[in-house]
Structure formats: structure tokens, C-alpha cells
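Working notes, beginning with the structure itself.
Coordinate-derived values only; no laboratory data. Owing to the predicted nature of the structure, the values given are computational and were not obtained by experimental measurement. Don't worry about glycine lacking a Cβ; one is built from the backbone with ideal geometry, like all the others, and counts go over all protein chains shown.
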């Protein structure tokens, strides 16, 4: 039994441990309504997530929750899991690195005992102690993310000659999917040596298809020129983020521009169109993330009025249970 005091202490960490991941396979059910201690309690008692609880004496010192990722498992060809929360009070994280290592070690043991071959996690970039503990247990950093946010307000982007921005239709799906398969290279899939470039491209094609089907996005916007679709952006409504108590938040997922159209401002006009869409559906904030290495995208979002609100690292661990790789 986890005491109310422990839940309260752990809930303080939740704002820093929020996940800014937009998953390519399925829309995750949002449980984080109400005070953090309440939804953490619901998460633990629902039974859908695996929960590792570390205690020091009679007091809870840390909680890790993880769940299987069926879509990732299918496309990567190995049993995949996601670590949703790694909650360790700040005072314990700073003063007891051995305790942090023990929590991560227990998590890895639990993953392996349940047949997990590949596990993903995202942690705040400033949490060096946790990152080091995870590295000891075989986790590797595969990318770093800068998360930006802006308040939704009507924008009137300067028109680009011969370019139209509109909502995608069913007829656009294959063009969007094809573009997604060649537009990305800096993401965690392409940066992971365990995943081939061709498989990483396939992940993005299926991610884009799921967005067009409404599985992971509420809208897909496309930019079209005389030659056809030259860019797209996916966006969806999500729960609140740590920088605001407002629950009306829109999160941009994928943004891609065809090579022939780069340098023309396509991503900028799509981003501003997404902000306008967010305002129309009642969102008061818009959130987007990009890799540390994608300086051009970071500058673009700042020009569009976004500000940095957090940074994070994506880590993964490989446990070759069945000795096969993608």
C-alpha cells in the first residue's frame, strides 16, 4: 500500500516527468485529470501498467510504470515496452544515486522477466543522475528533444506563391505517407543503430498513415504546390502540460517538407496554420518538439512565436530475448 504522503511526494515529480512523446502507433488514453496524486493512484490501481515500487523502510522511495507497446512491437519485430513514469523524489534522486540505480535495475529485471526485448523512455535532460543510472543498466540515449509552446492566437502568415494549405482528405493519404518515408533522419528511430534506416522510414510511413486515419492526430494539414503535396503537419488535442494548468492543449506531431520545396517557408506556414486550427478547436496552447540537432526547426518555431518550455532525452535498452533484430 502506498501512503498518501508518498503519493504527494512523488506527485511533485510528475510535472518534470511528463511525457512529450507523440506516439506513432496509437493515441494513449489520458488519465492525468485532477490532482497528480489522484491520477497516479488511478494509474497504479487500474492494472493495465506494470508498476515497480521501491521502498526504504516503510516509505515509498520511487515508482516506475511501464506498459507494452503493441504497435511498436509489430513494426519493429520485437516485444517493445514504454516506460511511462520514473518517479523519484528530488531529495532522494540527488542524495542517493545508489537508490536510483537500484530502481532502474529492478525495472530492467522486470522488463526482461516479462519478455520485453526493446524498451523506450523519455526523461528530463537535466536529470543527469537518472540518465547515468539508466546507462549503467544498458540504456542508450538515442535523441534529445526541445519542447516549445506558444499561446494560440490568430495568425495571418504571408502567402507563398503557388502554394495552398488545406486539410488533408482521404485522397491525400498515400502522398503524405510517401513523403513521410523520405523526410526524416534526425529522429530517435534513425539515430538508433539497432534500427535500420529502411525500418525507420517505414515507422514514419505508418505513423503518417495513422495520423491520416485519425488514430494519432485530429487533423493533418497539407501544403500543395503545382507539382502536388510538398509538405504536411499532423496535430492533435492533448491533456495539459507542466507549464500551464489549462487542459486545452494542441500538440504538433509530424512536420515534413519535400526536398524540392525546402527553403520556401512551407514548414513555417504549416505551423502557423496549425496554430489557427488549435484556436478554432478551443486549444489555448500549442506544443511542438524537435531534436537538439535540428537547429533550423528550433529557429523556425521561435520565429513563429514559440518559446522553449523543456528539454528531454530519449533512451532505449535492448534485451535480446529471442536473438533477432530488425
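Listing 290, 173 from the residue with the fewest other Cβ atoms within 10 Å to the one with the most, what is the order? Could you put the intermediate results ahead of the total?
Details: 290 23, 173 16.
Ascending number of Cβ neighbours within 10 Å: 173, 290.
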Enter the per residue convex hull volume of segment 148-312, computed from alpha-carbon coordinates, in Å³ rounded to the nearest integer. 114
Let me understand segment 161-223 better: what is its radius of gyration from the alpha carbons, and its Dmax, in angstrom? 12.9, 42
What is the fewest-to-most order of 134, 319 by other Cβ atoms lying within 10 Å of their Cβ? 319, 134
Taking alpha-carbon centroids only, segment 53-102 lies from segment 135-188 a number of Å equal to 29
For segment 257-314, the Rg and Dmax computed from alpha carbons only, in angstrom: 12.5, 34
Against the 2.2 N^0.38 Å scaling, with N counting residues, where does segment 74-221 land? I'd like the Cα-based Rg ratio to two decimal places. 1.35
Using only alpha carbon pairs under 8 Å that are at least six residues apart, calculate the relative contact order of segment 148-312 and give it in whole percent. 30
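Could you list 60, 74 so that the one with the fewest beta carbons within 10 Å of its beta carbon is first and the one with the most is last? List each step's numbers first, then the result.
Working: 60 20, 74 12.
The fewest-first ordering by Cβ neighbours comes to 74, 60.
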